[in-house]
Ligand code: GLA
């Protein structure tokens, strides 16, 4: 049975300007809350192929290639400059400046060019006094540098962990940059690169949009598999807006075509940021077809945001699965061994309910078949097969479009709505056998800013919230109060905030009812 439920509520919410905020304490910054990376970020970074050998032409040509090769159409967006882009010293005023030889027109000109292609530009620094390659980094200059990058039009920061730290802890150094970026004049995706140190799994989601879980990847199959083996320990830490990062892709770099396909399949299933690390300008047709496999990318971009994990292993073969938002399951059958092997699992083992048959979409062959329950493939050495398996009534192939809860598509109809609505709530519930995720978007349609808010709603019986983002939820069942975290404390007129949660359910997978904001009832349409 298809269990995707989509609904919206239009709610009469209180005009914030007219409502006193009754003792809502401003909570300390607890999350990046920048609205970015609701699905894992897709892009390119120069480091894996070019190291310090970078310049203006490479970045512009890569932006051109991202469009001309179909990567942009497949969803890739960020063109990211890594280490070695700046002068070896700051200018007289203390500001970072671009290397005049590598980037003679400066970074802003590059950003303008990249933006002109419909893409976004990323930059790099470190939470220490120097970058890993010895260039000036941002410790002690966080706000200055965040402001500089914003003024150039930067959209993404990869923030490394090299250089002297002046004895300041990792979580504090990264939180300082998070807060500096939040105060900068444009949204900047914050990609933490601290190689899994300082127990980043416990604070990464509160600080960045993604965080590296391991040391650097290399262009070798052994590097891919050793990083892979570190990932099961992280699976629970990620969620929409906050992703585990097993490092950039080596697709097309030193791996065979079979290995590249397996690497891409696994990184997609892990909800990894998919950041290509090859030379897009010269890539082979086969590398290009791997990177632009939209069936695989759709698994990575599934808006439910549940990370895949290793289900089972036997010798050198493994089964990895990811629950999809529509109730289907993405499955990777991996063969790490030296010769071809048959890798098998079953619909019930991957978590699908009993059914007389299942639909099986082969994400590399781009074909759809059926099975009575067995999921099996002859997989070459260092290869992977990848499927999306659906029970009766579930969608066989995931959509590449995230059904984000856009308020603009859920406007209340005039016949059921008052003329003036100070704000609007839309919600999307997405359920599978025993769990669900829900995203709620609150839009301020009133004339004044909402300064601090508290949204009360009633969960259907049997539902218990197990985790959430962009708000605190208390208690986890029955009548729940969602309070904004600090970033979303203020909602400007016409602006929206999105909050969301995961919950378990005991059969009733409907959405909550009886919304009220700051003590005033909301209408549920
Ligand atoms: C570290 C990072 C790499 C790369 C280099 C640049 O090693 O982990 O991804 O950014 O620094 O010097």
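Values computed for the structure shown
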read-out	value
Those residues of region 405-447 which are part of a loop (DSSP other than H, G, I, E, B) and modelled with pLDDT of 75 or more, in sequence order	434, 445, 446
Residues of region 322-334 satisfying the condition of being in contact with a helix residue (DSSP H, G or I) (Cβ under 9 Å, 6 or more places away or on another chain) and surrounded by fewer than 24 Cβ atoms within 10 Å (Cβ to Cβ)	none
Among the candidates 192, 154, residue that is away from the ligand (no atom under 15 Å from the Cβ) and at pLDDT 95 or above	154
Single residue of 244, 253 found to be within 16 Å of the ligand (Cβ to nearest atom) and more than 21 Å from the chain's Cα centre (by Cα)	253
Filter result for the condition that a residue is without any contact (Cβ under 8 Å) to a residue 12 or more places away in the chain and either more than 18 Å from the chain's Cα centre (by Cα) or within 15 Å of the ligand (Cβ to nearest atom) (or both), over 160, 145, 199	199
Search result, residues across region 60-84 that are within 16 Å of the ligand (Cβ to nearest atom) and touching a strand residue (DSSP E or B) at 6+ places or on another chain (Cβ under 6 Å)	78, 79, 80, 81, 82, 83
Residues located in region 109-153, provided they are more than 19 Å from residue 90 (Cα to Cα), in contact with a strand residue (DSSP E or B) (Cβ under 6 Å, 6 or more places away or on another chain) and not in a loop (DSSP other than H, G, I, E, B)	111, 114, 120, 121, 122
In region 212-238, the residues that are surrounded by fewer than 18 Cβ atoms within 10 Å (Cβ to Cβ), within 15 Å of the ligand (Cβ to nearest atom) and not in a helix (DSSP H, G or I)	215, 216, 218, 219
Boolean, residue 351 is within 24 Å of residue 507 (Cβ to Cβ) and touching a residue at least 40 places away in the same chain (Cβ under 8 Å)	yes
Single unsatisfied condition, residue 466 versus (1) surrounded by fewer than 17 Cβ atoms within 10 Å (Cβ to Cβ); (2) in a loop (DSSP other than H, G, I, E, B)	(2)
Selection status of residue 301, outside the structural domain of residue 57 (by TED's automatic domain parsing), more than 16 Å from the ligand (Cβ to nearest atom) and touching a residue at least 60 places away in the same chain (Cβ under 8 Å)	yes
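The values are calculated or read from the model by the stated rules, or taken from the named source; none is laboratory data. Since we're looking at a predicted model, the values are computed, not measured. A quick note on method: Cβ atoms are made from the backbone with ideal geometry, for glycine too, and the neighbour counts reach across all protein chains shown.
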